[in-house]
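Where a number appears in this text, it was derived from the coordinates with a stated rule and is not lab data. Note that the structure is predicted; figures quoted are calculated from it, not measured. As a convention, Cβ positions derive from the backbone with ideal geometry for all residues, glycine included, and neighbour counts pool all protein chains shown.
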Amino acid sequence: MKNKLKSLLVICSLFSLQMSAQEKKTLTLDEAIDLGLHNSKQLKINQAKIEEATAAAKEAVEKRLPDAKASASYLRVNAVNVDLKTKNNSGSGGGTTPPVEQPKVSQALYGLVNVSLPIYTGGKIRYGIESSKFLEKAAMLDAESDKEEVIQNTIEAFANLFKAKTAVRLVQENLNEAQLRTKELAGMEKNGLLARNDLLKAQLRESNMEFNLSDAENSWQLANVNMNLMLGLPTATELVLDTANLGKKDDGRVLDDFLNAARANRKDLEAIDLRKKAAESGVKSAKGDLYPSLALTGGYIGLDIPDFLSIPAAMNVGVGVSYNIGSLWKNKAKVQQAEARVKQFTFTEALMDENMQLEVNRSYLGLMTNRKKIETSAKAVEQAEENYRIVKNKFDNSLATTTDLLDADIAQLQARMSYTLSRADAFVAYHKLLQTAGLLSAELKK
């Protein structure tokens, strides 16, 4: 049993040393945003999508270039009899021409090179390039939109960590006060100036504060780990937030200003408009199948059959026309599919505009509500502190009960917590409004 106890003590000691050696990192909001953008997996995925879209646009342009194909073969042939049908020439004396010896073919070698340059394809190449360019720009706008989402998520994580750490500090301060109060009440109870039941109430209050502190520390640790994961830092890093430059920003813009800004600056709305344009180009490309294709062609042929035939170089140049007659009755469904995609993007664009208006309204009203909460909670802190002072004075003069004192203490803690949380929530709500209006990145650069 003693050995197990010693082992447990050693483990606890090592854990304590590890926690004490935990790296601390002071972090400002700007630094957090930079790290979040640099290490965001979503932005890395978006970059890969942009590269894919750029390559697709390049592929569409390359369809204007000529196609060239080359092939060569060597054939080994066994026992082939070649019978050349030639016209016999008769002599003047009525004699006959001696028979021609037939060649024996045992092998053949040939090479082909074909080049084709498209001249007209019914607009399919041109509209394909146009569509791919729209999609490339849309992918870039998606990345910009996700960039603002990453920034907002970083701000929210920063605020959550601040709230969690503040909660730990306030609960710890309240616990310290509760412990001092319990000692005072224990002395009073020992001297017969306080009922045993009142002391138990204070001790119960202290125990509850210890549980609250444990929960607050757990929430803070989880918020710290979440922040580290978002920023690409080791999860064991203890983040110390620098909030010196954070505060309410004066902004006199009203709801209509943010709605107009959203219509002009939202990247997701621009992206869906570009995808609709790409779909419209797809309709034109599909209709291109109804037209013939014209191409400039050229080729080279080389052939060698030993003891029989040799064509060292046969060049050819020409113009080729092709037309798929079946497109007259097969292409209708293809065009209808392309037109249906345009309709989908049209309605999606309208739906996104409605959602944008709802998001901006929700964010604006949320900001107004949180700013009102700050004013209300600031008054509540003053009232709670004054109430506690009065009740404490009454308690010291035996005019208030222990229950009254503990209730006043709880009300004071809750008021302080509400004030701190409302300030952090208002900070997040303001930046959320900027995000929904498409202004977040631009405002942070100011």
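Which longest uninterrupted range of the chain lacks any chymotrypsin sites (Phe, Trp or Tyr not before Pro) assigned by DSSP to a loop state (not H, G, I, E or B) and surrounded by at most 16 other Cβ atoms within 10 Å?
Counting only loop sites that pass the neighbour cut-off, the longest clear stretch is 1-307.
Once the Cβ-Cβ distance between W329 and A442 is put in as r, and R0 is 45 Å, what FRET efficiency do you end up with, to the nearest 0.05?
For W329 and A442, the calculated efficiency is 0.25.
Can you tell me the FRET efficiency between E217 and T369 if r is taken as the Cβ-Cβ distance and R0 is 25 Å, rounded to the nearest 0.05?
So, using R0 = 25 Å, E works out to roughly 0.25.
Rounded to the nearest 0.05, what FRET efficiency is calculated for A314 and K63 with R0 set to 35 Å and r the Cβ-Cβ distance?
Computed FRET efficiency for A314 and K63 comes out at 0.75.
In the range 206-303, what trypsin sites (Lys or Arg not before Pro) fall in a loop by DSSP, with at most 11 other Cβ atoms inside 10 Å?
K248, K249
Helix 255-265 versus the longest principal axis of the chain: what is the Cα-based angle in degrees, 0 to 90, to the nearest 10?
Helix 255-265 sits roughly 30 degrees off the main axis of the chain.
Once the other residues with Cβ under 13 Å from the Cβ of E149 are scored (Lys, Arg +1; Asp, Glu -1), what is the net sum?
After counting each charged neighbour, the total is -2.
Net charge near Y120: determine it from the other residues with C-beta under 12 Å of the C-beta of Y120, scoring Lys and Arg +1 and Asp and Glu -1.
That sum, taken over residues with Cβ under 12 Å, equals +3.
Give, in nm to one decimal, the length gained when the segment between E349 and K25 is fully stretched (0.36 nm per residue of separation minus the Cα-Cα distance).
Net length gain for the segment: 112.2 nm.
With each label point set 7 Å from Cα along the Cα-Cβ vector, what nm distance links K392 and V115?
9.5 nm
When the chain is modelled as a GNM with alpha-carbon springs shorter than 10 Å, which of N224, N78, N174 fluctuates the most?
Largest GNM mean-square fluctuation: N78.
Quick check: the angle from helix 402-436's long axis to the longest principal axis of the chain, C-alpha only, nearest 10 degrees?
For helix 402-436, the angle is close to 20 degrees.
Mind jotting down a quarter of the surface of the convex hull over the alpha carbons of the chain, in square nanometres, one decimal?
The orientation-averaged projected area of the Cα hull of the chain comes to 45.6 nm².
Within 13 Å, Cβ to Cβ, of S327, how many net charges do the neighbouring residues add up to if Lys/Arg are +1 and Asp/Glu are -1?
Counting the neighbours of S327, the net charge comes to +4.
Compare V321, V342, V360 in a GNM of the chain, Cα atoms joined below 10 Å, and give the one with the largest fluctuation.
Evaluated over the chain, the most mobile residue of the options is V321.
With angles folded into 0 to 90 degrees, how steeply does helix 327-396 sit against the dominant principal axis of the chain? Use alpha carbons for both and round to 10.
10 degrees
Where a ≥ b ≥ c are the square roots of the eigenvalues of the C-alpha gyration tensor, would you call the range 360-408 rounded, which needs a/c under 1.5, or, failing that, prolate if a/b is larger than b/c, or oblate?
prolate
Which order results if T26, T243, T369, T436 are arranged by neighbouring Cβ count within 10 Å, fewest first?
Ordered by Cβ neighbours within 10 Å, fewest first: T26, T369, T243, T436.
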